[in-house]
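Bear in mind these aren't lab numbers, they're just calculated from the coordinates by the rules spelled out. Everything numeric here is computed off the predicted structure, so don't read it as measured data. Quick reminder, even Gly has a Cβ in these numbers, built from the backbone with ideal geometry, and neighbours come from all protein chains shown.
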Protein chains: 2
Amino acid sequence: MPNKIEFKDLFTYSFSLDCIVFGYRDGQIQVLLIKRAMEPFLGEWAIPGDLVYPNEDLPEAAQRILFELTNIRGVEMHQGSTFGNPKRHPQGRVITNVFFALVRIDDVDAEAHSWAEELKWTPIHEVPKMAFDHNEILETTYEQLVQKLRHQPICFDLLPEKFTLNEFQQLYEYAFEKELDKANFRKKIKPLPIQRLSEKQKNVKHRPAALYSFNQLTYKELEKEDLITFRM
Amino acid sequence: MPNKIEFKDLFTYSFSLDCIVFGYRDGQIQVLLIKRAMEPFLGEWAIPGDLVYPNEDLPEAAQRILFELTNIRGVEMHQGSTFGNPKRHPQGRVITNVFFALVRIDDVDAEAHSWAEELKWTPIHEVPKMAFDHNEILETTYEQLVQKLRHQPICFDLLPEKFTLNEFQQLYEYAFEKELDKANFRKKIKPLPIQRLSEKQKNVKHRPAALYSFNQLTYKELEKEDLITFRM
DNA sequence: GCAAAAGTGTTTGGATTACACCCATGC
DNA sequence: GCATGGGTGTAATCCAAACACTTTTGC
């Protein structure tokens, strides 16, 4: 590579964020995709993403972009990897950084806005061929999510506010692709601040399970004092 | 933020990589810094880094940049976080991505090249005020390094080829800021593929310790078969 | 009563901890 | 011999896996 490239000629790149939203429904981890109403890759499925504005920092740009395309706002976003293959975007040098969020699918009202023509939740193992290098990006990020689930109890962002211990266990079984023993699972999660509610499951044709909820505040405090070393 | 920004006007950014090299010497984790012989921040200490060329992918740019500035080549680099505060670079919008490496300080011959006027290894806890947002960048990346040490046996990239079990233990004690029991530490590392050599420590005024080396190949195979669940 | 899933207790073996003790070398 | 770390063994404890068993509901 030549030394001849002038400093100013290196200011010809663009930078985008791809916002991957993970949810959990029907026993599967799902991801929110948009159908592009814009060239390039018009009509194809893609991860919601867009260019960062000149005076935006990355976390705020992630919030804006996600909101503009999907109407989702105010969810915590985690930074993921950065992808910069020079051929990844047909219209120029666009480097992209992933931000991903975990949401309760039933609690967010996702709607296609801006140049997103359509939205759909897709099980992570049934994702179609997507625009750009979005399949690779999603794969890498899903692996990061699974690793994060192993060490931080962020699974509660995916579960409904009130959940049964079985739903909880099934989420882990799905993410780690491994069956777990019911009794042992319950012993393992003992240190987590989840509270049993008086409410019970309804409309099931067997003994209804107790509902539980997660106490985020208590968790943050226990975490501060290093009382939790959670590992699934 | 207005919708008026034209697509082409968003191609005015630049993109750099910062290459953080960690080493281990004198019982401390150290980091390689350069003194800048170039504006901005002329004469100040910084993490080695530079702009990515138009048709370079990120991993190859990381190798080039590290080599150009420090003469270090061919070391494995791990991707870190991306920093994009719009005010982080005084000369324009430069977004930067970290790549970090773990090396054996005594095995690499680091030399200041290009616009690096001087190099120095600095203990991670004695890093001076640096150019740009490099202090923040380093801090974030060091935390990532420590996390990685906890789950992957990459500590062997830091240790000399032949090491004593005590050196090994001290590296962990330093990284996790926690004293460990000698006997228990040795039981814990049993599953790792390290081999005792016939050679012994020299020039010590006590009983010389046996030297060990790490077998990377065996490790990769054990890892493939999921036989290692290493956690310090 | 039966099916189906909720929910709990027990046993066992392996890991983790704390701690004590012996060993090899230089001086 | 003694100071200095190297190196190992043991008992108590905790934890995880495997598995069996009881409970509660709908039908």
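In chain A, the DSSP-assigned H stretches of four residues or longer account for a calculated mean residue ellipticity at 222 nm of -8000 deg cm²/dmol, using -39500 (n - 2.57) per stretch and the full residue count as denominator. In sequence order, the stretch B:190-195 has phi-based couplings of 3, x, 6, x, 10, 10 Hz under the Karplus curve 6.51 cos²θ - 1.76 cosθ + 1.60, θ = phi - 60°, and Gly or Pro positions carry x.
If you plug the beta carbon distance of B:E136 and A:H113 into 1/(1 + (r/R0)^6) with R0 = 35 Å, you get a FRET efficiency near 0.55.
Per-residue mean of foreign Cβ neighbours for B:80-87 is 6 (Cβ atoms of other chains, 10 Å radius).
Cross-link check: pairs A:K220/B:K182; A:K129/B:K224; A:K182/B:K182; B:K188/B:K224; A:K35/A:K178 evaluated at a Cα-Cα cut-off of 25 Å; pairs beyond the cut-off: A:K220/B:K182; A:K129/B:K224; A:K182/B:K182; A:K35/A:K178. Projecting 7 Å from Cα along the Cα-to-Cβ direction, the label point of A:D133 sits 2.3 nm from its equivalents in the other copies, listed shortest first.
For peptide A:6-13, the mean count of partner chain Cβ atoms within 10 Å of a residue's Cβ comes to 6. The protection proxy used here, the mean number of other Cβ atoms lying within 10 Å of each residue, ranks peptides A:28-38, B:165-175 as follows, highest first: A:28-38, B:165-175.
Computed packing ranks the peptides B:88-94, A:153-159, B:46-52 as B:46-52, A:153-159, B:88-94, most packed first, by mean other Cβ atoms within 10 Å. I need the inter-copy label distances for A:T12: point set 7 Å along Cα to C-beta, values in nm with one decimal, smallest first. With the label placed 7 Å along Cα→Cβ, A:T12 yields 1.6 nm.
The angle separating the long axis of helix B:58-70 from the principal Cα axis of greatest extent in chain B is about 80 degrees. Could you state the angle between the C-alpha long axis of helix A:165-176 and the longest principal axis of the C-alpha atoms of chain A, as a value from 0 to 90 degrees rounded to the nearest 10? Helix A:165-176 sits at roughly 40 degrees to that axis.
Taking a straight line from the alpha carbon of B:K202, these lysines sit under 18 Å away, with near neighbours fewer than eight places off in the same chain left out: B:K162. Using the Karplus relation 6.51 cos²θ - 1.76 cosθ + 1.60 with θ = phi - 60°, the per-residue 3J(HN,Hα) values for the stretch A:118-123 come to 7, 10, 8, 8, 10, x Hz, with x marking Gly and Pro.
To the nearest 10 degrees, how steeply does helix B:134-151 sit against the main Cα axis of chain B, on a 0 to 90 scale? Result, in degrees: 40.
Among the GluC sites (Glu not before Pro) in the stretch B:9-77, those located in a DSSP loop and surrounded by at most 15 other Cβ atoms within 10 Å of their own Cβ are B:E76. Look at the stretch B:91-102: the mean tally of other chain Cβ atoms within 10 Å of its residues' Cβ atoms is 3.
Label-point distances for A:S198 to the equivalent site in the other copies, using a point 7 angstrom along Cα→C-beta, read 7.7 nm when ranked shortest first. As a quick test, which of the pairs B:K148/B:K200; A:K87/B:K87; B:K8/B:K87 have an alpha carbon distance above 26 angstrom in this structure? As for pairs spanning more than 26 Å Cα to Cα, those are B:K148/B:K200; A:K87/B:K87.
Distance from the Cα centre of the stretch B:1-69 to that of the stretch B:184-216, in angstrom? A separation of 38 Å, based on Cα centres.
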